[in-house]
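**Student:** This is the structure I have questions about; it appears just below.
The values are calculated or read from the model by the stated rules, or taken from the named source; none is laboratory data. Every value quoted in this text rests on a predicted model; they were computed, and no experiment measured them. Please note: Cβ atoms are built from the backbone with ideal geometry, for glycine as well, and neighbour counts cover all protein chains shown. Ligands, DNA and RNA are excluded from the accessible area calculation, which covers all protein heavy atoms including side chains. Shrake-Rupley method; radii C 1.70, N 1.55, O 1.52, S 1.80 Å.
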Amino acid sequence: MLGILLANMLIFQYGMFGKDVMQLFHVPAAESSAHHVVKLLVEGSFMPIFTFVFGFGIIKLKESLNAKQRKAGWPLVRRFIMLIGLGLLHSTFLWDGDILLFYGGIGFLLLIFMNRKPKTLLVWCIILMTLTGLLGLFPENKADKETQAMNHRIQAYIEKTVTLYSEGTYAEIKHDRNTANPMGDNAVFLAFALFLAPILNVPFFLLGMYAAKKQWFTDPDQERGIYLKGMLIFLPLGLMLKSYSIYFPELIGAGTGAMLGGCLLSIGYIMTFALIYTKHASSRLFERFEAVGKLSLTNYLMQTVICTTIFYGYGLGWFGKIGVIAGCGLALLIYTVQMFASSWYLAHFKSGPVERLLRIWTYFSLDGKAKRKKVQITAAEM
């Protein structure tokens, strides 16, 4: 959640398109260097962890329902429908960086893989991740007229948002969010983007499902050696590939470095966190981390409410003004408050408000729990 907030802070501060063209905001050298650090260590490497956990959770929910003699199909369908609904509300009324709508939609695709063998999941994960790397093999053709026209539209849109998002009213910003189309009416580009979305994102969903089926993380003390090896392999490899993509963006393979590097660094982070957890699981700090995770959906939405209020014109109007370094400090402050607030909340309530609504809808149960199916005993069995 902290990594996601640090990455999202760039979008809150500069917009979905502006975060990648910082020169338009005339940031000083120190801010530009900080931006590179965030892109290297954070951006594109924490969302895959969230994706991994989502896939992991699908299998764990299925196993829990199966243990109660219930099938997982309809509960998961209802869960994905509610995520889509929350995503539509979130993206329409608050922020265009929403991920819930996408996660709910991709969930229906993952149902195809839910009952597949672990080996099948791993094979598909590797195939799709390889395709992801191949898609980024060659740099963008900046001489292409359509690409140039689209880049001009995006630049004009970013320049407009500097004033709109820092000074505009809620109604003006909401209207722009829901109607502006800086990419242009390019049907081919849209179709290609829709085709790419599953290829780019499904691998880590499948890896999470594979990990759950293979019972990863069930015995952390025994698996400590695996975590250490994973950390030593994937952390440097991911950092090396991402560094290549950031500092040599015009060279062949830069896109591959960004895509695969982000994924490999994510695996390295997962292994690192797991290794640290084996030694400090009972610490007060980790209990607070867990509290934030247990309220992840509520905290994610609250981060949007807090940050849009800070950066948009109907709040403090700090859009594009405080810089990357201060933005990172603000993210750490918000997350620290959420750590203490989440711990306090869970001391008084069993689950977060949004999590509880999701569980009630998922299980069609007011207490938010799946009921064990009663097994009828026939006369022959007696």
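**Student:** Across the range 323-358, what is the number of residues that are closer than 18 Å to E290 by Cβ and touching a Gly at 6+ places or on another chain (Cβ under 9 Å)?
**Tutor:** So the count comes out to 7.
**Student:** For the range 103-127, which positions are more than 18 Å from the chain's Cα centre (by Cα) and assigned to a helix (DSSP H, G or I)?
**Tutor:** Within the range 103-127, L111, I112, F113, P118, K119, T120, L121, L122, V123, W124, I126, I127 qualify.
Okay, residues lined up against (1) at pLDDT below 95; (2) part of a helix (DSSP H, G or I); (3) buried (at least 18 other Cβ atoms within 10 Å of the Cβ):
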site	(1), (2), (3)
N299	no, yes, yes
T308	no, yes, yes
W318	no, no, yes
G327	no, yes, yes
A341	no, yes, no
V354	no, yes, yes
I377	yes, no, no
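**Student:** Restricting to the range 197-248, and then to whatever is under 23 Å from K39 (Cα atoms) and among the polar types (S, T, N, Q), can you tell me which residue is most open to solvent (accessible area, probe 1.4 Å)?
**Tutor:** Here the answer is N201.
**Student:** I'd like the residue in the range 158-179 that is touching an Asp or Glu at 6+ places or on another chain (Cβ under 9 Å) and open to solvent by less than 60 Å² (accessible area, probe 1.4 Å) and, out of all such residues, is nearest to M22 (Cα to Cα).
**Tutor:** T161
**Student:** Looking at A370 and the list (1) modelled with pLDDT under 95; (2) surrounded by fewer than 16 Cβ atoms within 10 Å (Cβ to Cβ), which single condition is not satisfied?
**Tutor:** (2)
Quick grid of which residues meet (1) open to solvent by 30 Å² or more (accessible area, probe 1.4 Å); (2) more than 19 Å from S296 (Cα to Cα); (3) in contact with a helix residue (DSSP H, G or I) (Cβ under 7 Å, 6 or more places away or on another chain):
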residue	(1), (2), (3)
V53	yes, no, yes
K62	yes, yes, no
L65	no, yes, yes
Q69	yes, yes, no
H90	no, no, yes
L109	yes, yes, yes
T120	yes, yes, no
T130	yes, yes, no
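**Student:** Further question: Please work out which residue is nearest to the chain's Cα centre (by Cα), limiting yourself to the range 147-157 and to residues that are modelled with pLDDT under 85 and either over 15 Å from N181 (Cβ atoms) or aromatic (F, W, Y) (or both).
**Tutor:** Per the criteria, the residue is T147.
**Student:** A further question on this structure: Hey, W95 hits all of (1) assigned to a helix (DSSP H, G or I); (2) of a type outside the set (D, E, K, R); (3) open to solvent by less than 60 Å² (accessible area, probe 1.4 Å) but one; which does it fall short on?
**Tutor:** Among (1) assigned to a helix (DSSP H, G or I); (2) of a type outside the set (D, E, K, R); (3) open to solvent by less than 60 Å² (accessible area, probe 1.4 Å), the lone unmet condition for W95 is (1).
**Student:** Based on what the data block shows, is I252 in contact with a Pro (Cβ under 8 Å, 6 or more places away or on another chain) and farther than 30 Å from F217 by Cα?
**Tutor:** So I252 passes the test.
**Student:** When you go through (1) within 30 Å of G85 (Cβ to Cβ); (2) in contact with a His (Cβ under 6 Å, 6 or more places away or on another chain) one by one for V305, which number turns out not to apply?
**Tutor:** All conditions pass for V305, except number (2).
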